[in-house]
1. Given the criteria within 30 Å of B:GLU92 (Cα to Cα), surrounded by fewer than 23 Cβ atoms within 10 Å (Cβ to Cβ) and more than 14 Å from chain B (Cβ to nearest Cβ), does A:ASP233 qualify?
2. Could you please give the count of residues in region A:247-271 that are of a type in the set (D, E, K, R), over 20 Å from A:ALA132 (Cα atoms) and either outside the structural domain of A:ARG329 (by TED's automatic domain parsing) or open to solvent by 50 Å² or more (accessible area, probe 1.4 Å) (or both)?
3. Please verify whether B:MET173 is touching a helix residue (DSSP H, G or I) at 6+ places or on another chain (Cβ under 7 Å), of a type in the set (A, V, I, L, M), open to solvent by 10 Å² or more (accessible area, probe 1.4 Å) and modelled with pLDDT of 95 or more, treating the condition exactly as stated.
4. Please find, among A:TYR285, A:TYR291, the residue that is of a type in the set (Ser, Thr, Tyr) and closer than 21 Å to A:TRP164 by Cα.
5. Does A:VAL240 count as surrounded by 16 or more Cβ atoms within 10 Å (Cβ to Cβ) and within 28 Å of B:TYR388 (Cβ to Cβ)?
6. Report, by residue number, each residue of region A:117-134 that is in contact (Cβ under 8 Å) with a residue 24 or more places away in the chain and under 16 Å from A:PHE253 (Cβ atoms).
7. Got a number for residues in region B:191-222 being away from chain A (no Cβ under 14 Å), in contact with a strand residue (DSSP E or B) (Cβ under 9 Å, 6 or more places away or on another chain) and not in a loop (DSSP other than H, G, I, E, B)?
8. State the number of residues belonging to region B:327-344 that are assigned to a helix (DSSP H, G or I), open to solvent by 10 Å² or more (accessible area, probe 1.4 Å) and in contact (Cβ under 8 Å) with a residue 12 or more places away in the chain.
Amino acid sequence: MAGFGKTLGRAVTWPLTLVARAVDPPLRVWQRWTGTGGMAAVFLAPNLAIFGVFVLIPLVLNFVYSMTGGTGILLDQRSFIGMEQYGRLLECEDYTRRITCREDQFWTAVTNTATFVIFQVTLMVTVSLITALILNRNIRGRGFFRAVFFFPVLLSPVVVGLIWRWILQRQGLLNLITVNLGLEPEVWLNDRFYAFAATVGVSTWAHMGFYTLILLAGLQAIPRDLYEAAEMDATPPMRVFRRITLPLLGPNFAVVLVLALIRGVQIFDEVYVLTGGGPGTSTLYLTQYIYEVGFASILRNPGLAAAASILMGAVLVVLTLLQLWFSRRAEGRRAR
Amino acid sequence: MKFTMASFAALAVAGFGSAAFAQDKVEVRVMWYSDGIEGEVMQDLLDRFEKTHPEIDVVLDNVAYQVIQEQLPIQLASGKGPDIARVTNLKEQAEHWLDLRDYVEDPAYWEANFGDRFDWMRPDGSDAIPGFMTQLTLTGGFANKTLFEQAGVEMPGDGATWDDWIAASKEVMESQQLPAAFAIDRSGHRISGPNASYGANYIGDDRMPAPIDDGTMTFASKLVDWTNQGLMLPEVWVSAAGTTYRAAADDFINAQIPFYYSGSWQIANLSTKIGDAFDWVATGSPCGSAGCSGLAGGAALVAIKYTRHPEEVAAVMDYLASEEILREFTERTLFLPAHKGVVEAGGLNFQSDDPNVAPALDKFISASTETLPFADALPAWKWANAYYGALVTRISQVMAGEISLEEARTLMDQDIADQVSAASQ
């Protein structure tokens with residue numbers, strides 16, 4: 001039996017051994033020539049190739065598309081028009097009145113997205129932190145609650161949108177409850193305020209499990225002896241939280257902030273299913289605007305959609321860099 | 001042991017043989033959407049085709065209408081797509097249809113029976129045979145007869161105006177405690193018949209888009225007022241942004257609204273889903289100041305020019321376009337026929353036990369004589385979709401209280417101009 005296992009093992013590893021023997025001599029030469037730094041480049045190359053094909057090249061292509069006009073999809077069907085699409089997006093007679101902008105829906109989407117990000121990221125980080133703090137305590141059924149909070153992350157965004165649509169629609173679950181309580185039914189998704197609140201609440205519900213997990217990992221990495229020392233000194237809990245938990249959670253907090261911010265700006269699928277951008281354009285966010293202009297409109301404008309996505313990407317890069325700079329500065333201060 | 005080995009060998013040979021045989025078959029993919037039961041009917045017809053044409057494997061890909069509207073155009077624009085597709089956006093994508101003239105058995109048959117509507121689906125000035133209309137459609141209304149009777153409200157008769165219908169539906173709504181009096185599908189196409197009835201004209205003298213006129217604004221203003229008064233179901237128009245299509249058929253089927261404006265393609269859908277839950281009637285199009293016009297249209301089955309098997313595609317199209325098959329398709333799907341021979345022969349035996357169906361079909365056939373010339377011109381007009389998109393987007397915003405009607409008028413003109421300019425870059 002052992003002999004058979006050995007033979008099987010050899011049969012399985014034989015092709016790999018063959019490849020390893022084939023690439024070994026040139027790699028040795030390469031290492032002798034470039035040192036260990038050169039070897040790192042070799043091992044990074046496959047990943048870089050994938051990154052290049054699926055991220056970098058599309059990014060460059062997107063930029064090229066943003067400088068072309070027409071309704072065709074293929075580049076050879078499109079004409080070069082320089083920065084005209086950017087000009088069209090940014091052209092406004094009066095920047096305080098969106099309706100005077102040439103692409104008023106773009107500005108509506110920008111404003112809606114900014115408002116959404118402010119509310120959603122604040123709510124997301126706060127709720128995730130509170131949840132992580134609770135789940136970090138030695139409570140009964142901790143494993144079960146961790147699974148419960150993480151479960152929505154596993155759902156497809158379309159499913160999340162549909163579930164909440166069924167809850168919030170005119171003949172939905174929420175109205176069934178309110179009517180049984182003797183209240184008037186409300187068309188929640190037709191009200192600007194409720195629809196916006198629903199998009200913030202639903203997206204927070206759907207993703208907070210992920211951020212809770214990151215914060216929980218950070219909390220568990222904080223050495224217990226620091227808390228024990230604080231306890232011996234009879235330090236009040238809020239002071240322990242401000243002086244020990246929050247500073248040591250800093251790196252995880254930065255990760256959560258950056259990811260939540262990026263995800264917030266990119267919000268699309270669950271909101272598209274839940275509200276479709278309505279009522280009116282009150283929950284029309286940037287990615288839906290780009291999708292509508294580039295793909296869903298009867299007469300598509302891929303160039304304009306590409307320009308809008310480049311602008312969105314640029315804003316995201318600036319925000320992320322700013323956030324990283326702030327968190328590094330804070331870390332530096334703490335280190336001093 | 002020998003027997004087993006021999007069996008394996010035989011099986012392997014048979015397997016390779018059948019695989020090789022399967023590879024000899026040409027696969028023709030059809031992208032298809034359904035409003036009612038036509039997908040099942042089409043599958044049955046194609047199964048019969050495959051029995052007589054074993055060398056062709058026809059795969060019917062049933063997709064949502066939104067896929068046809070949003071994903072198929074992207075595939076086509078990048079030179080890909082199915083071999084055949086059922087589409088409603090005929091003129092706009094005409095450059096992607098295959099000219100079947102050199103492939104079909106008898107081009108004269110196609111010209112004679114479908115020629116009147118080829119201009120709906122081919123570029124201006126072309127003599128191509130891109131496909132055929134699977135059915136003609138006409139926009140029009142449906143009323144829940146049972147709800148009207150329960151409310152003791154008389155249904156408006158022929159020649160009734162939009163105001164008459166909404167007033168009567170309002171009475172039913174109040175009496176039966178319904179969420180709304182009526183709904184119109186969220187679509188620029190759907191409101192263009194009513195717009196025409198109030199004197200709208202989108203087509204300029206040079207065949208380019210004309211500025212939004214008073215006819216369009218009159219009906220838009222009525223729609224906004226009815227929405228603000230809670231008479232039009234807000235979920236359909238207000239609860240979405242952009243050009244998203246939303247039908248209100250489910251709200252009518254669930255007896256949430258007594259009056260629903262959609263079109264003849266809903267007949268099979270309503271019959272199947274409503275069953276004997278309540279009685280319903282087709283009402284034709286309510287009247288405006290200029291007429292009582294619906295908007296003609298329909299779905300076409302078109303061959304895609306990127307196919308690698310034009311001969312096989314033409315064989316499938318020849319079969320589906322034959323008079324016998326189209327007659328059966330029409331009778332089973334309860335659609336209005338688009339085949340001249342089928343129409344002229346008459347005597348269609350629509351296959352439905354539902355007593356609501358035959359009068360509804362008759363109503364649409366009689367309403368088709370009332371369409372206004374402008375409405376008849378729209379299906380073959382290149383810029384109709386630019387107009388439809390602008391109408392839906394901006395009127396929804398007015399309903400949601402984001403902009404005024406006058407601002408919407410300016411923005412619609414600007415949107416249409418932008419679309420024309422983008423298309424000509």
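The values are calculated or read from the model by the stated rules, or taken from the named source; none is laboratory data. None of the values given here were measured: they were computed from a predicted structure. Note that each Cβ is placed from the backbone with ideal geometry, even for glycine, and that neighbours are counted across all protein chains shown. Heavy atoms of the whole protein, side chains included, go into the accessibility calculation; ligands, DNA and RNA do not. Shrake-Rupley method; radii C 1.70, N 1.55, O 1.52, S 1.80 Å.
1. So A:ASP233 fails the test.
2. 1
3. Taking the combined requirement at face value, the residue does not satisfy it.
4. Selected residue: A:TYR285, the only one of A:TYR285, A:TYR291 that is of a type in the set (Ser, Thr, Tyr) and closer than 21 Å to A:TRP164 by Cα.
5. Here the answer is no, as A:VAL240 does not meet what is asked.
6. Within region A:117-134, A:VAL121, A:LEU123, A:MET124, A:VAL125, A:VAL127, A:SER128, A:LEU129, A:THR131, A:ALA132, A:LEU133 meet the criteria.
7. Residues meeting the conditions: 5.
8. Residues that pass the stated criteria total 6.
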